[in-house]
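Since the structure comes first, as structure tokens, the remarks are kept for the end.
Derivation of every value follows stated rules applied to the coordinates shown; laboratory data play no part. All values reported here derive from a predicted model rather than from experimental measurement. Here Cβ is always computed from backbone atoms with ideal geometry, including for glycine, and neighbour counts include all displayed protein chains.
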Amino acid sequence: MNKWLALTITILLAGGAAAQQLPPGGQEFQAGVKALETKDWDAAIKAFELALGVNSDLFASHYFLGVAYEATKNYAKTAEHFTKYLERVGNNPDAAQQIAYATRQAGLALARMNDPAAIPLLEKAAAAKPNDKDVHHALAVTLVRNNQAAEAEQHFLKVIQLDPNLARPYYFAGRAAFSNERWADAQRLLSKYLELGPEEAWEADTHFMLGSMAIRQGEGGGDVAAAQATAKEHFNKLLELKPDAPEAPQAHYYLGSLAAQSEDWATARMHYQSYLQLQPQGAQAEEVKQFLADLAEDEAAAKEEPANN
């Protein structure tokens with residue numbers, strides 16, 4: 001056992017009568033332990049910080065400071081002290097329980113701050129306890145926020161396995177499947193996300209992905225009419241929820257194309273004009289302009305035809 005870890009355990013067990021035998025900082029450490037027992041977090045923090053100020057080798061103070069700061073929801077300090085404890089304690093087998101707790105809580109605290117330093121800690125915690133839902137969820141979200149969506153997918157799927165009624169993981173796992181062109185998985189996951197009650201921030205995006213997949217399904221054969229009806233439903237819902245969404249121009253383009261296929265010229269014109277208003281230099285802008293020009297020409301010719309007769 002590390003001698004300073006042994007020392008701190010001794011201090012934990014020592015009574016007031018043994019105070020004269022304590023090393024520098026021992027009395028402050030002991031006061032911190034007593035404050036923790038009564039959940040006097042401010043007093044505990046003050047005492048353990050004093051102990052470290054007197055004797056930096058009382059590194060178990062970092063562990064208890066992590067506990068106290070976590071109780072007060074100061075996550076920056078929680079992460080700081082649990083991390084410092086882990087740096088000092090190393091892989092000491094006698095502190096395995098404390099190491100596991102510090103690893104988990106430091107990772108969760110860092111994840112709250114979107115700090116990528118959370119990732120290795122949460123990966124270690126997830127490996128130690130594979131059914132820890134909170135760890136998998138925090139790890140997955142942190143990976144997504146740090147542009148590692150592919151790595152996050154397995155953790156979102158694990159959360160779904162552990163708690164199938166939690167909505168958010170279905171969205172992220174579905175989006176990852178969509179990005180990887182696993183259409184069946186994406187459709188199942190995203191549909192379940194909507195069923196469970198989507199969060200406003202991602203609902204419009206979900207409708208866009210489901211609408212896009214319905215377009216693809218219609219182009220691939222099967223019940224084309226049903227696929228197109230589903231696509232229209234999702235795209236219209238997107239525009240209802242968030243008319244200025246980044247996906248809105250493409251939704252207008254798809255709706256215009258579907259309307260043109262069914263010769264609903266008024267609806268096609270409306271959506272194509274909306275597309276050009278939102279994205280005048282978009283990828284389909286020239287195609288849309290040509291369609292509108294042709295439509296105007298056809299309408300003008302139709303008006304002239306009775307007069308010529």
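Place a +1 charge on the Cβ of each Lys and Arg in the chain and a -1 charge on the Cβ of each Asp and Glu, then give the dipole magnitude about the Cα centre in debye, rounded to the nearest 20. Each step should come with its number before you reach the end.
Details: 27 positive and 40 negative charges, 375 e Å.
Approximately 1800 debye in magnitude.
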Calculated from backbone phi, Karplus (6.51, -1.76, 1.60) coupling profile of the stretch 141-148 in Hz, x at Gly/Pro: 5, 5, 4, 4, 5, 10, 6, 10
Once the Cα atoms of helix 168-179 and of the chain are each reduced to a long axis, what angle between those two axes, in degrees from 0 to 90 to the nearest 10, is obtained? 50
Could you derive backbone 3J(HN,Hα) for the stretch 35-46 from the dihedral phi with the Karplus parameters 6.51, -1.76 and 1.60 (θ = phi - 60°), listing whole Hz in sequence and x where the residue is Gly or Pro? 5, 5, 4, 9, 6, 8, 5, 5, 5, 5, 4, 4
Can you give me the three principal axis dimensions of the chain from its C-alpha atoms, in Å, biggest first? 117, 34, 28
Within straight cross-link reach of LYS77, meaning Cα distance under 25 Å, which lysines are found once same-chain residues fewer than 8 apart are removed? LYS34, LYS39, LYS46, LYS124, LYS129, LYS133
Most fluctuating residue given options GLY222, GLY26, GLY53, as computed from a GNM of the chain linking Cα atoms under 10 Å: GLY222
Looks like the stretch 199-304, by Cα gyration tensor root eigenvalues a ≥ b ≥ c and the a/c under 1.5 rounded cutoff (else prolate when a/b is bigger than b/c, oblate otherwise), is oblate
Quick one: check the C-alpha center-to-center distance for the stretch 256-309 versus the stretch 163-181, whole angstrom. 37
Based on alpha-carbon positions alone, could you give the equivalent ellipsoid semi-axes of the stretch 112-170 from the gyration tensor, as √(5λ), descending, whole Å? 17, 13, 9
Residue-wise, which Karplus ³J(HN,Hα) couplings in Hz belong to the stretch 266-277, taking 6.51 cos²θ - 1.76 cosθ + 1.60, θ = phi - 60°, and x for glycine or proline? 5, 5, 4, 4, 4, 6, 5, 5, 5, 4, 5, 5
Out of LEU238, LEU143, LEU295, any idea which swings most in a Gaussian network model of the chain, alpha carbons joined below 10 Å? LEU295
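Among 276-286, 248-258, 164-174, what's the highest-first ranking by average C-beta atoms within 10 angstrom per residue?
Working: 276-286: 13.9, 248-258: 23.4, 164-174: 20.4.
In descending order of packing, they fall as 248-258, 164-174, 276-286.
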C-alpha center-to-center spacing [the stretch 25-66, the stretch 111-134] in angstrom: 26
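Tell me, THR78, THR38, THR267 in order of fewest to most beta-carbon neighbours within 10 Å?
Values: THR78 25, THR38 9, THR267 16.
By the 10 Å Cβ count, ascending: THR38, THR267, THR78.
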In debye to the nearest 20, how big a dipole does the stretch 68-217 give about its Cα centre with +1 on each Lys and Arg Cβ and -1 on each Asp and Glu Cβ? 160
